[in-house]
Amino acid sequence: MITLFANQKGGVGKSTLAVLFANYLSLVQNKEVVLFDMDNQRSIYNKFQAAQVLENKPLYEVEAAEMEQFATINSIVRENENLVTILDVAGNIENDHLIPVFQGVDLIICPFAYDEFSVGATIDFSEVVRTLNEKAKIIFIPNRIKTNVKYETLESVNKVLSNFGAVTKPIPERIDFQRITTFETPPSIIQVVSPVFDLIFNEFIHKYARSWEKV
Ligand SMILES: Nc1ncnc2c1ncn2[C@@H]1O[C@H](COP(=O)(O)OP(=O)(O)OP(=O)(O)O)[C@@H](O)[C@H]1O
Ligand SMILES: [Mg+2]
């Protein structure tokens, strides 16, 4: 199955959560994973390559890919039903090459924050995605949530977003997220992300794999 991390809002944690989710699937759920970095900035891929010089065997492969290569990637990864493919893309939804990507994925994970701009962009983004792909599950992750802040709009925002998909528990603001790599996740961070990732895994990835088995 193919999971896309996306939101047109920049800096909401798409790349960070894509890496943490890939690590979680590999380390906690023992899944076979491949991560495609489709952002021209190649932040994940460059880090992966740099770490590969120093570290042992990676948990999974990280590939750099162009958006135009999606059709090829799609046909290759679908040959292996057990493989979970994770795509990280840049924010810009004006790019026409993103259309087939939105249309071809099974699950869209959309990190966001409760500020006005992030919420507005997230709703606009969801409308576009829903028009392009009626079937994909959309999962919204409130990210960088500060424990000492009261988010006045939380309930109303969650209600609007639930028209498009599921809203998970929040992921807190954590200084140690700056240091994550594709090679390992410290237990302290696993603990923080697991409540959110367990739900996504159990509800959407595990069930999806089971539905394949039945076919
Ligand atoms: N929960 C968190 N706590 C603290 N810092 C975080 C958290 N999530 C993400 N960050 C930090 O926020 C910054 C932006 O995250 P990231 O690069 O993952 O966002 P993005 O959505 O991929 O951005 P872009 O749109 O540029 O691709 C990074 O410095 C990252 O370390
Ligand atoms: Mg990114």
For ALA65: the one exception among (1) within 16 Å of ligand 1 (Cβ to nearest atom); (2) open to solvent by 10 Å² or more (accessible area, probe 1.4 Å); (3) of a type outside the set (Phe, Trp, Tyr); (4) more than 15 Å from the chain's Cα centre (by Cα): (2)
query: Residues of the stretch 79-121 being open to solvent by less than 20 Å² (accessible area, probe 1.4 Å), within 28 Å of TYR60 (Cβ to Cβ) and not hydrophobic (A, V, I, L, M, F, W, C), which ones?
result: THR85, ASP88, GLY91, GLY104, PRO111
- prompt: Looking at the stretch 128-152, which of the residues that are farther than 26 Å from ILE2 by Cα and open to solvent by less than 60 Å² (accessible area, probe 1.4 Å) is nearest to ligand 1 (Cβ to nearest atom)?
  reply: ILE145
- prompt: Looking only at the stretch 96-127, which residues are out of contact with any helix residue (DSSP H, G or I) (no Cβ under 8 Å at 6 or more places or on another chain), away from ligand 2 (no atom under 16 Å from the Cβ) and more than 19 Å from LEU35 (Cα to Cα)?
  reply: ASP96, ASP115, GLU116, PHE117, GLY120, ASP124, GLU127
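The values are calculated or read from the model by the stated rules, or taken from the named source; none is laboratory data. Keep in mind the model is a prediction, meaning the values are calculated, not measured. Note: ideal-geometry Cβ built from the backbone for every residue, glycine included; neighbour counts use all protein chains shown. Note: areas computed on protein heavy atoms with side chains; ligands, DNA, RNA excluded. Shrake-Rupley method; radii C 1.70, N 1.55, O 1.52, S 1.80 Å.
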